[in-house]
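Notes follow once the structure below has been shown.
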Amino acid sequence: MDLIELKKDCSVKQKKGIHFIMASVVIWGMIAVVHSLSVPIETKNLLTFCCSTPLMPLAYAFSRLLKIDFQQKDNPLTKLGLLFSINQIVYLLIVMWVFAAVPEKMLMVYAMVFGAHLMPYSWLYDSKSYLVLSILIPIVALVMGLTLSAWTLAVCMLVIEVIFCMLLIKEVKGLIKV
């Protein structure tokens, strides 16, 4: 297979990574709950990190429900997609610094890193949704994070992720017709 065929195969068999975006809906919902609690910001921030830990099991569960080959070992681009995700871990070091230095802005930076890490998937899946949201999320997170509460930002991220899922469903249906 050439590169274009490999990308198409990955998009179809991975359903454009929708299982990870569905998992992020759950995670952002949990983060919204955390930021609605009456506990110190440091506790909220620590719990925010904890909310991220079930990402892989949730994505795996959604992949089983949607009949997605979670590992897709026959396509080398799947490993590239994993590398795109691992890349985000390096940027979480910045979030950890903000956790200590400016705790009230940690969720804003966390959301910005989350959004920005989506950009390479726009290439992998030939997805306008990934491209637009990888730019829109950091901008929205910055503006909301500077002007509104962390809870409001978390709820907004939850809504964005639900919309993202709907957009990906539409993109995946378009792949099946092609």
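Read the figures in this text as sums done on the coordinates, not as results from a lab. Bear in mind that the values here come from a model prediction, so they are computed numbers and not experimental data. Positions of Cβ are generated from backbone atoms using ideal geometry, with glycine treated the same way; all protein chains shown enter the neighbour counts.
Taking each DSSP H run with n ≥ 4 as -39500 (n - 2.57) and averaging over every residue of the chain yields -26000 deg cm²/dmol at 222 nm. Simple spin-label estimate for residue 55 and residue 5 gives 3.3 nm between the two label positions (7 Å along the Cα-to-Cβ direction from each Cα).
Within the chain, helices built from complete DSSP H runs that reach 30 Å or longer along their own axis (Cα positions) and carry a mean Kyte-Doolittle hydropathy of 0.0 or higher are 77-101, 150-177. Could you tell me whether the range 62-150 comes out rounded, prolate or oblate from its Cα gyration tensor? Rule is a ≥ b ≥ c as square roots of the eigenvalues, rounded for a/c under 1.5, then prolate if a/b exceeds b/c, otherwise oblate. Judged from the Cα gyration tensor, the range 62-150 comes out prolate (a/c at least 1.5, a/b above b/c).
To the nearest 0.05, what FRET efficiency results for residue 104 and residue 65 with a Förster distance of 25 Å applied to their C-beta separation? That pair, residue 104 with residue 65, gives E of 0.10.
Taking 21 Å as the straight-line reach from the Cα of residue 13, the lysines in range (excluding those fewer than 8 positions away in the same chain) are 67, 73, 79, 128, 170, 173, 177.
Distance between Cα centroids, the range 33-75 to the range 101-178: provide it in whole Å. Value for the Cα centre distance between the two parts: 15 Å.
For the range 3-177, taking Cα atoms only, Rg and Dmax work out to 16.2, 51 Å respectively.
Extension gain for residue 173-residue 39 works out to 43.9 nm (0.36 nm per residue, less the C-alpha to C-alpha distance).
Net charge of the neighbourhood of residue 130, taken over other residues with C-beta under 11 Å away and scored Lys/Arg +1, Asp/Glu -1, is 0.
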